Amino acid sequence: MDKSEAEKRITKLKEKINDLNYKYFVLDESEVDESVRDSLKRELIDLENRFPQYITSDSPTQRVGSVLSGKFKKMPHKYRKKSLSDVFSHEEIREWHKRIKKLVPDEIEFVCELKIDGLNISVQYEKGIFVHALTRGDGKTGEDVTHTAKTISSVPLKLNRVMDVEVSGEVFLPKKSFLALNEEQAKKGMSLFANPRNAAAGTVRQLDPKIAADRNLDMFFYHLNVEGEKEYVKTQEETLKTLRSLGLRICKYYKKVDSLDEVIAFCEEWQNRRSSLPFEIDGIVIKVNDLDQQKKMGFTAKAPRYAIAYKFPAEEVSSRIMDIILQVGRTGAITPVAVLKPTLVAGSVVSRATLHNEDEINRKDIRIGDTVIIRKAGDVIPEVVEAIKDLRQGTEKKFKFPGECPTCGSPIERKRGMAAYYCTNKNCYAVERERISHFVSRKGFNIDGLGEKVVTQLMEAGLIQDPADIFFLHPDDVMGLPLFKEKRTNKLFKSIEDSKNIGLDKFLFALGIRYLGEQSSFDFAKFLMQTDSFQKSPDISSLIKTVQNFSPVKIKNIDGIGEKMGSAIYDWFHDESNIEYLKKLQRAGVEFEVAEKKSDELGGKSFVLTGTLESMTRDQVKDLIKGSGGKVSSSITKETDFLVAGGSPGSKLKKAKEMGVKIINEEEFKKLF
């Protein structure tokens, strides 16, 4: 084949492959079998290898580029990106409708689209040719992920029209690809991805585009930005149709509706049908259809007023209990855990779920081999709701609590009036391991690099026996451990050194005193910092003396403590082994941070958090509340003032509504400050 023939053949092959891709990914049509597309692509690759002068950037063979050498560069968006405000009930949808009707009293049409659980990116085309892809970032600037976005087959390298345009959409990993990826991860002994969204985000941010190409990412487009936009579209429905005509894949399950009742019906329909989809969704995006009306409604500081995201409530699915095991906690409490056949629930792969205690197992009549309903909502640990008894085959086995600890073999006991069994061995290996893991956790000393596996390695090597031993480690001690090279070792020891300066509340929480949680640690620390004896010398020695001088009555009367917790604190600080442990921490150089006086603008208001927040971590929210004189609780009571609801909220949302607790979203929470 001469050059002229090769050029013509290459051009024809590119046109045909691009046409087949358009029909397959955009029109959902299969003109030929996938193997035919593959053979045409192989022929194109062969010809381009022989005649590289005819390779162009829009060729289907040019999806995988070179590996990036370092971090992603930042690039400005051509058009500012905004996030959507979330709502969690039909009532909140109606309230939103009332607000926008005040801005535009005319009749309003809506377009309802499935809310894909993925990663938002924007793709820029110049003269119809793919040039850049950016993550959302902060809305003004995003990370350049061009090299991985190009590997996504549903992202065309050339549009059906010559034009400059920026389009946005959601990159996602189909359920089938997600399960296959985790199977591959497991075979390699690597950690599994928690859910398809995390897997998609991690894949887009790979430095090596070949990794992205092998994972079968997909993408739906839903937003169009182009100069002279009204020449192309006047409604959101037209936007979707225009995107499709340009060769961009859209999710076909959208609907234009004329009334709010139809909007709610659409939400209910897809809440029931979501499990039948080949990809994950976590809600419905509701948009005003008319772009002129959208413009009149405008934006808040962060979000458009003309669109909202309705988040589905907690998801329940079925699975089978393969076994019931016992888990030993840091206080010695023994919790039964159901080992499940891995299944997707609320977007995450779940293989274990708590059974709480012996009484719960008996009350629900849960057996090994049962098909059960499991629930996972927001930050709540997966739990077994009930057994589907009609599916029993007669081979299911009742679970009986053993008489000894599953780790150390010591007797276990259940004291009168208590729900849990406890290991009677104070030096139980599992208890100490959990105690150390609790000590180094994010809410305690926050030592990066000391996960449970590393803690276990250090204990098995005889390098640590209690948390204080961590501060007496030497880099040479860990260099011989698996996976520990110089860089990782240096990072670990820097984190250990940095952690020695710690807030008093986090220090108290890290000690693992029974019943003393995150909020009560803050309350206790606040009280101590107002005590004259501790203020004069805020160190560990002063802490010991101050607390030991308190009577049990004084401790239990501290705001936020109470009788049960007060007794536990008193007993802990009067145990000689605990005092020696505290002195050991002081010898290691642990000191308390002297914090500035906090504001009291929340005046003791009580908050409960549920769901996922976008711009702040839960720890940041809790610190902000506590630092401003508020309190954070884990459950809704009549004392709760606010429920802060993020994405995918749990049962707390329903309970808050039933009890008349004020519910606020992330933006409303920020306005409190």
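The values are calculated or read from the model by the stated rules, or taken from the named source; none is laboratory data. Note that the structure is predicted; figures quoted are calculated from it, not measured. Methodologically, a virtual Cβ is constructed for each residue, glycine included, from the backbone with ideal geometry; neighbour enumeration extends over all protein chains shown.
For SER615, the criteria (1) in a loop (DSSP other than H, G, I, E, B); (2) more than 14 Å from LYS670 (Cβ to Cβ); (3) in contact (Cβ under 8 Å) with a residue 24 or more places away in the chain; (4) not hydrophobic (A, V, I, L, M, F, W, C) hold in every case but one, which is (2). Among the residues making up region 173-214, those that are of a type in the set (Gly, Ala, Ser), crowded, with 20+ Cβ neighbours inside 10 Å and under 14 Å from PHE279 (Cα atoms) are SER177, ALA199, ALA200.
Just the residues that are at pLDDT below 90 and farther than 18 Å from ALA307 by Cβ, please, taken from region 217-249.
Going through region 217-249, the residues at pLDDT below 90 turn out to be 225-233.
Selection gives VAL226, GLU227, GLY228, LYS230, GLU231, TYR232.
Checked against (1) modelled with pLDDT of 75 or more; (2) touching a Phe, Trp or Tyr at 6+ places or on another chain (Cβ under 9 Å); (3) polar (S, T, N, Q), SER59 meets all criteria but (2).
Checking each residue in region 495-519 for being under 26 Å from the mean Cα position of the chain (by Cα) and among the polar types (S, T, N, Q) picks out SER495, SER499, GLN519.
Could you say which residue among LYS311, LYS389, LYS376, LYS364 is within 30 Å of GLU268 (Cβ to Cβ), more than 29 Å from the chain's Cα centre (by Cα) and surrounded by 16 or more Cβ atoms within 10 Å (Cβ to Cβ)? Walk me through it before giving the result.
Values: LYS311 fails: more than 29 Å from the chain's Cα centre (by Cα); LYS389 fails: surrounded by 16 or more Cβ atoms within 10 Å (Cβ to Cβ); LYS376 fails: more than 29 Å from the chain's Cα centre (by Cα).
Going through LYS311, LYS389, LYS376, LYS364 in turn, just one is within 30 Å of GLU268 (Cβ to Cβ), more than 29 Å from the chain's Cα centre (by Cα) and surrounded by 16 or more Cβ atoms within 10 Å (Cβ to Cβ): LYS364.
Could you tell me whether ALA510 is in contact with a strand residue (DSSP E or B) (Cβ under 8 Å, 6 or more places away or on another chain), buried (at least 19 other Cβ atoms within 10 Å of the Cβ) and either not aliphatic (A, V, I, L, M) or not assigned by TED's automatic domain parsing to the domain that holds LYS631 (or both)? Break it down stepwise before answering.
On the way: in contact with a strand residue (DSSP E or B) (Cβ under 8 Å, 6 or more places away or on another chain): yes; buried (at least 19 other Cβ atoms within 10 Å of the Cβ): yes; either not aliphatic (A, V, I, L, M) or not assigned by TED's automatic domain parsing to the domain that holds LYS631 (or both): yes.
Answer is yes for this residue.
Screening ASN120 against (1) part of a helix (DSSP H, G or I); (2) within 30 Å of VAL263 (Cβ to Cβ) leaves a single unmet condition, (1). Within region 419-426, does at least one residue satisfy the condition of being touching a Phe, Trp or Tyr at 6+ places or on another chain (Cβ under 7 Å) and hydroxyl-bearing (Ser, Thr, Tyr)? Yes: region 419-426 contains one or more residues that are touching a Phe, Trp or Tyr at 6+ places or on another chain (Cβ under 7 Å) and hydroxyl-bearing (Ser, Thr, Tyr). Annotation: HIS90 fulfils all but one of (1) surrounded by fewer than 19 Cβ atoms within 10 Å (Cβ to Cβ); (2) within 25 Å of the chain's Cα centre (by Cα); (3) within 23 Å of PHE220 (Cα to Cα); the unmet one is (3). If I ask for residues that are exposed (fewer than 13 other Cβ atoms within 10 Å of the Cβ) and closer than 21 Å to THR239 by Cβ, which ones from region 104-124 would you list? Result: ASP106, GLU107. Does ASP469 count as within 29 Å of ASP523 (Cα to Cα), among the acidic types (Asp, Glu) and free of Cβ contacts under 8 Å to residues at least 40 places away in the same chain? Criteria met by ASP469.
Every condition in (1) in a loop (DSSP other than H, G, I, E, B); (2) touching a residue at least 60 places away in the same chain (Cβ under 8 Å) holds for PHE507 except the one numbered (1). Name the residues in region 623-639 that are under 22 Å from PHE673 (Cβ atoms), in contact with a helix residue (DSSP H, G or I) (Cβ under 7 Å, 6 or more places away or on another chain) and surrounded by 20 or more Cβ atoms within 10 Å (Cβ to Cβ), would you? Those that are under 22 Å from PHE673 (Cβ atoms), in contact with a helix residue (DSSP H, G or I) (Cβ under 7 Å, 6 or more places away or on another chain) and surrounded by 20 or more Cβ atoms within 10 Å (Cβ to Cβ): LYS626, LYS631, VAL632. Scanning region 656-665 for residues that are assigned to a helix (DSSP H, G or I) and either exposed (fewer than 12 other Cβ atoms within 10 Å of the Cβ) or at pLDDT below 85 (or both) turns up just one, GLU658.
Are there helices (runs of 4 or more DSSP H) fully within region 415-502 with at least 2 residues that are under 30 Å from GLN620 (Cβ atoms)? List them.
On the way: elements: 429-440, 452-460, 475-478, 486-498.
Where helices (runs of 4 or more DSSP H) fall fully within region 415-502 and carry at least 2 residues being under 30 Å from GLN620 (Cβ atoms), they are 429-440, 452-460, 486-498.
The selection criterion, being touching a strand residue (DSSP E or B) at 6+ places or on another chain (Cβ under 7 Å) and closer than 25 Å to PHE471 by Cβ, does not hold for GLU580. Residues that are touching a helix residue (DSSP H, G or I) at 6+ places or on another chain (Cβ under 9 Å) and either within 14 Å of PHE220 (Cα to Cα) or among the basic types (Lys, Arg) (or both) do occur in region 135-149.
Among the candidates SER551, SER567, which residue alone is within 40 Å of the chain's Cα centre (by Cα) and within 29 Å of SER633 (Cβ to Cβ)? Outline the logic, then answer.
Working: SER551 fails: within 40 Å of the chain's Cα centre (by Cα).
Going through SER551, SER567 in turn, just one is within 40 Å of the chain's Cα centre (by Cα) and within 29 Å of SER633 (Cβ to Cβ): SER567.
The residues of region 148-158 that are in contact with a Phe, Trp or Tyr (Cβ under 9 Å, 6 or more places away or on another chain) and part of a helix (DSSP H, G or I) amount to a single one, ALA149.
Scanning region 267-308 for residues that are farther than 18 Å from VAL345 by Cα, aromatic (Phe, Trp, Tyr) and surrounded by 20 or more Cβ atoms within 10 Å (Cβ to Cβ) returns a single hit, TYR306.
Scanning region 168-207 for residues that are charged (D, E, K, R) and closer than 13 Å to ASP117 by Cα yields GLU170, LYS175, ARG197. Please find, within region 338-376, the residue that is nearest to GLY611 (Cα to Cα) out of those that are hydrophobic (A, V, I, L, M, F, W, C) and not in a strand (DSSP E or B). Applying the filter and picking the extreme gives ALA346.
Cβ separations smaller than 7 Å between residues 6+ apart or across chains give the following pairs from region 555-583 residues that are touching a residue at least 60 places away in the same chain (Cβ under 8 Å) to residues that are among the polar types (S, T, N, Q): GLY560/GLN519; GLY560/SER520; TRP572/ASN578.
Within region 249-286, the set of residues being farther than 23 Å from ALA180 by Cα and among the acidic types (Asp, Glu) comprises ASP258, ASP261, GLU262, GLU268, GLU269.
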